[in-house]
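Below is one structure, written out as structure tokens; the observations come after it.
The values are calculated or read from the model by the stated rules, or taken from the named source; none is laboratory data. Note that the coordinates shown come from a computational prediction; the quantities given were computed from them, not determined experimentally. Positions of Cβ are backbone-derived with ideal geometry, glycine not excepted, and every protein chain shown enters the neighbour counts. The accessibility values were calculated without ligands, DNA or RNA, using every heavy atom of the protein model including side chains. Shrake-Rupley method; radii C 1.70, N 1.55, O 1.52, S 1.80 Å.
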Amino acid sequence: DRRSIINCHNNLCLLYAQHGELAKAHEYGERVLQAAKRFAVEPELVANAHGNLAVACMSAERLDAALIHLHEALRIHQRFDMRRHMVATYFNLAETHYKRYKAQGDPEDERLGDQNAAVAQTIGRELGLEGFVQNTAGLKREILGAAQEPDKLAAPEHAARLRANADALS
């Protein structure tokens, strides 16, 4: 059945990405995206393909490409109100921006990392995902090192404003 095959391709994409076989990860992720162009594919599966391709791109230090896939995944999550998925995508956006900040030193990436981490925490709290909230709270320090203070994350009211904007888009 088509859905099972697409789900299998998504799983293979993620597994290959996690094991550093990035060409194979890309191949399977693209199979999902190509299938979605030919026939109806559940939005969750398409968003997962983008998320998995982002993981592959992050592993290859292709952070700009990872951000493109993450923004596309987020667009789908927002359109179909997949709030649990949004938390992970905002987390991954924060992680990618912090990594790009570490590599390139652009303060805008640090700001965007803080902003996405704050939104992930806000939505995570709303959904009762406290473990996820705690992981997000330590993300900046984990990537940028102990010299970074965790209180540099965006203020909660900033995250609430971003959340309201995200709701308006969906």
Over the range 136-150, the set of residues among the aliphatic types (A, V, I, L, M) and either assigned to a helix (DSSP H, G or I) or modelled with pLDDT under 50 (or both) is 137, 139, 143, 144
With the first residue restricted to the range 117-135 and required to be outside any helix (DSSP H, G or I), and the second required to be modelled with pLDDT of 95 or more and among the aliphatic types (A, V, I, L, M), Cβ contacts under 7 Å at 6 or more apart or on different chains are 127/87; 129/87
All conditions in (1) modelled with pLDDT under 95; (2) closer than 16 Å to residue 84 by Cα; (3) open to solvent by less than 40 Å² (accessible area, probe 1.4 Å) are true of residue 153 except (2)
Residue pairs within 8 Å by beta carbon, gap of at least six or interchain, first lying in the range 78-106 and within 17 Å of residue 122 (Cβ to Cβ) and touching a residue at least 40 places away in the same chain (Cβ under 8 Å), second charged (D, E, K, R) and open to solvent by 50 Å² or more (accessible area, probe 1.4 Å), listed first then second, are 83/126; 85/44
